[in-house]
Amino acid sequence: KQEVTQIPAALSVPEGENLVLNCSFTDSAIYNLQWFRQDPGKGLTSLLLIQSSQREQTSGRLNASLDKSSGRSTLYIAASQPGDSATYLCAVRTILTSGTYKYIFGTGTRLKVLA
Amino acid sequence: NAGVTQTPKFQVLKTGQSMTLQCAQDMNHNSMYWYRQDPGMGLRLIYYSASEGTTDKGEVPNGYNVSRLNKREFSLRLESAAPSQTSVYFCASTGGRNTEAFFGQGTRLTVV
């Protein structure tokens, strides 16, 4: 059974710091991995999608890497800003017996960037 | 482009009442999902629909029913609400297997 773990559960950093959020999964048979951001009381906003054949994806100050064989992904945030404060969720996409797909989520890392 | 739209945003029910949560997407996606999010437990899949006309149970289906009304709409029904169903409910949709998932803004449900 696929399990997704995110460490740390919470993180507080001063503005300007570069930081790394970790995501690990137990079954390497995934189609892709997606990183989301969730602001309090809001829905999930997609940040980056990494296909299983890719090693990394970049969008602005965000860089996500994927090492499928070791079951790990990292989200790197450069030059953090107070506006980056949110909960970050990773999700792996796995196939179901019906032939469709579902996302298995980690419980998230709650990030606070201090001004 | 609205993406995934959920209604209502907030709802308070009494134990035993019924209600339907609505979800619609305008991205022509085949697959739609209902998740619930609870503190410390992450998002858990309730039901999903691989395509119009099909629905399947996820991890926590008990107490819920769903209807894939057409390609755009996927509703979640609570027939007899219980306090354990107090949660935030999210609808999501995806296209092909290598595409992103898009989520609605959520419905915050309280059962008293």
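The values are calculated or read from the model by the stated rules, or taken from the named source; none is laboratory data. Source: prediction; values computed, not measured. Note that each Cβ is placed from the backbone with ideal geometry, even for glycine, and that neighbours are counted across all protein chains shown.
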- [ ] Determine which member of the set A:SER53, A:SER46, A:SER12, A:SER59 is more than 14 Å from chain B (Cβ to nearest Cβ) and either on the phi > 0 side of the Ramachandran plot or not basic (Lys, Arg) (or both).
- [x] A:SER12
Open item on the list: Considering only the range A:77-85, I want to know if a residue exists there that is in a strand (DSSP E or B) and either at the interface with chain B (Cβ under 10 Å from one of its Cβ atoms) or of a type in the set (S, T, N, Q) (or both).
Closed with: no
Open item on the list: Based on this model, can you work out whether A:ARG55 counts as free of Cβ contacts under 8 Å to residues at least 40 places away in the same chain and out of contact with any Leu (no Cβ under 8 Å at 6 or more places or on another chain)?
Closed with: no
- [ ] Quickly run through the range B:12-50 and pick out the residues that are facing chain A (nearest Cβ under 8 Å) and assigned to a loop (DSSP other than H, G, I, E, B).
- [x] B:GLY40, B:MET41, B:ALA50
Open item on the list: Take A:ASN18 and tell me if it is surrounded by fewer than 16 Cβ atoms within 10 Å (Cβ to Cβ), under 10 Å from the mean Cα position of the chain (by Cα) and either at pLDDT 95 or above or within 9 Å of another protein chain (Cβ to nearest Cβ) (or both).
Closed with: no
TODO: Answer yes or no: is there a residue in the range A:33-40 that is surrounded by fewer than 18 Cβ atoms within 10 Å (Cβ to Cβ) and over 13 Å from the mean Cα position of the chain (by Cα).
DONE: yes
Open item on the list: Given the criteria assigned to a strand (DSSP E or B), away from every other protein chain (no Cβ under 14 Å) and in contact with a strand residue (DSSP E or B) (Cβ under 7 Å, 6 or more places away or on another chain), does A:SER73 qualify?
Closed with: yes
- [ ] Out of the residues in the range B:17-55 that are among the aliphatic types (A, V, I, L, M) and more than 13 Å from B:ARG72 (Cβ to Cβ), state the one that is modelled with the lowest pLDDT.
- [x] B:MET41
Open item on the list: Anything in the range B:52-78 that is under 25 Å from A:LYS1 (Cβ atoms) and either touching a residue at least 24 places away in the same chain (Cβ under 8 Å) or in contact with a Gly (Cβ under 9 Å, 6 or more places away or on another chain) (or both)? List them, or say none.
Closed with: B:GLY58, B:VAL60, B:TYR64, B:VAL66, B:LEU76
TODO: Specify which of the listed residues (B:LEU43, B:LEU21, B:LEU78) is within 20 Å of A:TYR101 (Cα to Cα) and in contact with a strand residue (DSSP E or B) (Cβ under 6 Å, 6 or more places away or on another chain).
DONE: B:LEU43
TODO: Could you list, in sequence order, all residues of the range B:6-39 that are more than 11 Å from the chain's Cα centre (by Cα), within 23 Å of B:ALA50 (Cβ to Cβ) and touching a residue at least 60 places away in the same chain (Cβ under 8 Å)?
DONE: B:GLN25, B:MET27, B:ASN28, B:HIS29, B:ASN30, B:SER31
TODO: Considering each residue of the range A:23-32, count those that are within 14 Å of A:LEU75 (Cβ to Cβ) and surrounded by fewer than 23 Cβ atoms within 10 Å (Cβ to Cβ), and give that number.
DONE: 1
TODO: Looking only at the range A:73-83, decide whether some residue is within 17 Å of A:GLU3 (Cβ to Cβ) and either crowded, with 21+ Cβ neighbours inside 10 Å or charged (D, E, K, R) (or both).
DONE: yes
Open item on the list: Being within 10 Å of the chain's Cα centre (by Cα), within 14 Å of chain B (Cβ to nearest Cβ), buried (at least 17 other Cβ atoms within 10 Å of the Cβ) and more than 21 Å from B:GLN37 (Cα to Cα) narrows it down to one residue among A:ALA91, A:ALA64; which is it?
Closed with: A:ALA64
